[in-house]
Structure formats: structure tokens, C-alpha cells
1. Which percent, to the nearest 5, of DSSP beta bridges fully inside the chain are antiparallel?
2. Taking a cut-off of 18 Å between Cα atoms, list the lysines near K179, but don't count ones fewer than 8 places away on the same chain.
3. Obtain the radius of gyration and the Kirkwood radius of the chain from its C-alpha atoms and give Rg over Rh.
4. Given +1 on the Cβ of Lys and Arg, -1 on the Cβ of Asp and Glu, and no further charges, what dipole in debye does region 91-199 carry about its Cα centre, rounded to the nearest 20?
5. Note the angle between two axes, namely the Cα long axis of helix 198-210 and the longest principal axis of the Cα atoms of the chain, as a number of degrees from 0 to 90, rounded to the nearest 10.
6. Taking the Cα centre of region 36-155 as origin and charging only Cβ (+1 Lys, Arg; -1 Asp, Glu), how large is the dipole, in debye to the nearest 20?
7. What FRET efficiency comes out for K216 versus N298 if R0 is 30 angstrom and r is the Cβ-Cβ distance? Round to the nearest 0.05.
8. Treat every Asp and Glu Cβ in the chain as -1 and every Lys and Arg Cβ as +1, leave all other atoms uncharged, and give the resulting dipole magnitude about the Cα centre to the nearest 20 debye.
Amino acid sequence: MNYTLNQLRIFTQIARHGSITKAAEELHLTQPAVSIQLKNFQNQFEIPLTELVGRKIFITDFGREIVRAAEAILNEMAHIQYRSKLHRGVLAGKINISVVSTGKYIMPYFIADFLKLHPNVELNMDVTNKSRVIENLERNEVDFSLVSILPEHLSLKTLPILKNKLYLVGHKNDFKDQKIDIELFKSLPLIFREQGSGTRHAVEAYFNKQNIDFIKSMELTSNEAVKQAVIAGMGYSILPLIGIKNELILKQLEIIEVEKFKLESEWNMVWLNAKNLSPQAAALIQFVEENKVRIANNQFGWTDSYQSADTAPQTIPLN
């Protein structure tokens with residue numbers, strides 16, 4: 001056999017996308033070039049790697065075995081390159097992060113300058129729900145995660161980076177010039193995130209603590225879906241302030257001030273207590289720790305303007 005690393009890379013991309021066209025786009029190659037390389041790669045095996053059904057390409061069982069082997073080879077080659085750069089004093093390598101969905105509004109600002117300083121570091125960031133983030137940590141599939149609610153059953157090291165403020169919002173404030181308290185929630189139709197969401201956990205923990213029977217009118221699986229439902233006038237929701245900045249500016253959403261109701265949790269970068277961090281992951285943690293105050297003030301100082309001077313926020317315990 002005489003296959004090349006380029007052929008392995010092309011084949012893994014075809015398998016990942018299920019499409020020669022999309023693989024070509026991902027690799028910045030022409031479709032004919034990818035097709036030729038796939039044919040040359042296939043010719044080195046007596047068993048088919050792919051099959052065409054109509055205009056769709058599928059990977060055979062044998063092909064999937066080759067994909068796994070190819071990915072292992074490519075990962076080892078990348079590791080060799082990273083180690084070579086490290087020996088030359090250049091920080092390099094992959095950093096794998098899992099981030100809860102609202103964290104996508106936060107994490108990029110804490111890592112952007114680091115990546116500019118270290119262009120040979122490759123970042124993979126999986127934005128998902130809280131349950132999946134915890135699974136990633138448990139399986140040691142990531143270097144660290146960003147969460148607003150700490151999982152109690154894991155032994156973790158934590159780096160707090162930012163307060164997470166949650167407010168009641170509606171498409172419009174139907175309660176202007178009214179003094180309202182938390183009893184409002186007994187009659188207000190609320191739109192919730194799905195079970196497993198950190199936002200939902202914080203809200204339900206607050207209501208349980210206050211012995212409030214609330215009305216759940218709807219359950220949706222993303223913050224974006226919740227925001228759109230509220231904007232459409234389908235109900236109200238309690239959302240992280242960090243995720244509704246644009247909607248507040250455009251006046252698509254309004255914050256409804258409820259007396260003695262402000263929730264706060266805290267965004268934490270977390271990693272397994274026993275984990276041996278790679279040099280690049282350890283460098284990123286150190287960078288964030290040294291620069292988090294500056295970044296928080298520069299990028300998220302605007303959130304302070306929504307803190308009422310006479311109302312103390314209710315802090316949800318994280319452990």
C-alpha cells in the first residue's frame with residue numbers, strides 16, 4: 001500500500017460530512033481533486049470503502065474501520081508536530097473545551113487574546129447543554145469546561161471568571177410603574193429551558209427555596225428558541241443577562257423588575273482534580289486567571305448597569 005497522509009485526511013473528511021462536495025469545501029480543494037484522491041485511495045483496498053446510493057455517498061463497515069485507523073494516524077502525526085514545536089519553545093497543540101449553551105456568549109472573549117499570542121494552539125470548543133458538558137468531564141474527553149452550576153458528584157478544580165445574572169424578561173413590560181413582588185410568578189406563564197439546563201436548574205432552585213408554585217407554559221431546547229418565543233409574545237422567561245444584550249438594545253425584550261428577585265450564579269472554568277493538563281491547556285488557565293478581571297471589565301462591564309442599587313441579588317448555591 002502506498003497511501004498518503006493527504007488521502008487519509010480527505011477520506012476522514014468525506015466520512016465526517018457524508019459528501020465529497022462538503023469535504024472539498026472543508027479542505028479548500030476542488031471537488032474533482034477530492035474525487036480523484038478518493039478513487040486512488042480506494043484502489044489500494046480489495047474491499048469497498050464507500051458505496052453510492054442515488055447521489056449520496058455512504059461509508060461501508062470496512063470503510064469505518066479505515067476511518068478510525070486514519071484518524072488515529074492523523075492524530076499521532078499532529079502530536080509529533082506539536083511536540084516538535086514545544087521543543088523549539090513554541091506553545092502548540094490542541095485544547096478541547098465543552099461549554100454550556102449560554103457560555104458561547106462568554107468563553108470566546110476569555111480565549112481570543114490567548115490564541116493571538118499562541119497561533120500554533122488549536123482550539124476545539126463544543127457548545128452543548130449542561131448534561132453533555134458533565135458527560136465530557138466525566139469521560140475525560142475535554143481539557144476543561146465552562147459551567148454556571150458545579151456538578152456535585154465530581155472532584156473538580158475551579159476558576160471563577162464572571163457573575164451570571166438572570167432576570168425576568170418579556171417582549172414588553174406590562175407591569176411598568178407597578179410595584180411587583182415574587183408572588184407574580186404564581187400567575188405568570190413562564191417559558192423554560194429543557195431539563196438538564198443550568199439556567200433551568202438555577203430558576204427551579206430559587207422557586208423551590210421560596211416555596212413558589214410557578215406556571216410552566218412551555219419548554220424549549222435552546223436559549224435562542226426561548227428568546228424568540230418571548231419576542232413573539234408567547235410568554236415570559238428568566239434568562240441570563242449575558243445572552244440578551246442585543247435584544248435589549250433593539251427593544252425586542254424588556255427586563256421586568258421584580259422586588260427581591262435577582263438570581264446570580266457564577267461562571268466557572270472547571271477541570272478534573274486529578275487531570276494532568278497539557279502545557280497549552282495549563283497556559284490557557286494561567287492566562288485567564290491573570291487576565292479575567294480586565295476581560296470582565298472591558299467586555300462585560302455593561303451588565304453592572306442592570307444591578308438595582310436597592311435590591312440584593314439572590315445567589316443560588318453552587319454546591
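1. Working: 23 of 42 bridges.
Taking every DSSP beta bridge with both residues in the chain, the antiparallel ones total about 55 percent.
2. Correct list for K179: K260, K262.
3. On the way: Rg = 24.2 Å, Rh = 22.7 Å.
Rounded to two decimals, Rg over Rh is 1.06.
4. Details: 14 positive and 13 negative charges, 55 e Å.
Around 260 debye, computed over region 91-199.
5. Long axis of 198-210 versus the principal axis of the chain: about 30 degrees.
6. On the way: 14 positive and 14 negative charges, 87 e Å.
Roughly 420 debye for region 36-155.
7. Values: r = 37 Å, r/R0 = 1.25.
Result of the calculation: an efficiency of 0.20.
8. On the way: 36 positive and 35 negative charges, 123 e Å.
It comes to approximately 600 debye.
Each reported figure results from applying straightforward, stated rules to the coordinates on display, with no laboratory input. Quick caveat: nothing in here was measured; it's all calculated off a predicted structure. Cβ sites come from the backbone with ideal geometry, for glycine too, and all protein chains shown count toward neighbours.
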